[in-house]
1. If G74 satisfies all but one of (1) of a type outside the set (D, E); (2) farther than 17 Å from R6 by Cβ; (3) surrounded by 13 or more Cβ atoms within 10 Å (Cβ to Cβ); (4) touching a residue at least 24 places away in the same chain (Cβ under 8 Å), what's the number of the condition it fails?
2. Working carefully through the options L50, L27, find the one that is closer than 16 Å to R6 by Cα and either surrounded by 10 or more Cβ atoms within 10 Å (Cβ to Cβ) or of a type in the set (G, A, S) (or both).
3. Within region 42-98, which residues are under 9 Å from the mean Cα position of the chain (by Cα) and of a type in the set (G, A, S)?
Amino acid sequence: MENTFRLSAVLHKVGALRYTPAGVPVLDVVLSHESWQQDNGSPYLAKFELAGKIIGSDAQAWQHREGEQVDVAGFLAQRSLKTHYPVLRIQHIQTHKG
């Protein structure tokens, strides 16, 4: 099965950097996206916010970059063992190049 996700968005909210018990940095973010798409032959404004999580050295690098346009790639997973809502596990993040 395939589970890959790519998106251009704005880092709308950036939480406080935290660490797992093993000392791995984790950064919770909210991505904001807005674009025009074609849906059944008509233009459609796709607009949403998506929770994301950056783990590892990228978490430290992005902790103070709220408001920046980014390109992200990763996979969707449930938020936690008890919460089945999806979160984007961001594996690659870079400044949007337009």
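Every number here is computed from the coordinates shown, using simple stated rules; none is lab data. Bear in mind that the values here come from a model prediction, so they are computed numbers and not experimental data. FYI the Cβ positions are ideal-geometry reconstructions off the backbone, even for glycines, and counts take in every protein chain you see.
1. Against the list (1) of a type outside the set (D, E); (2) farther than 17 Å from R6 by Cβ; (3) surrounded by 13 or more Cβ atoms within 10 Å (Cβ to Cβ); (4) touching a residue at least 24 places away in the same chain (Cβ under 8 Å), G74 comes up short only on (2).
2. Numbers: L27 fails: closer than 16 Å to R6 by Cα.
From the options L50, L27, the qualifying one is L50.
3. A51, G52, A73, G74
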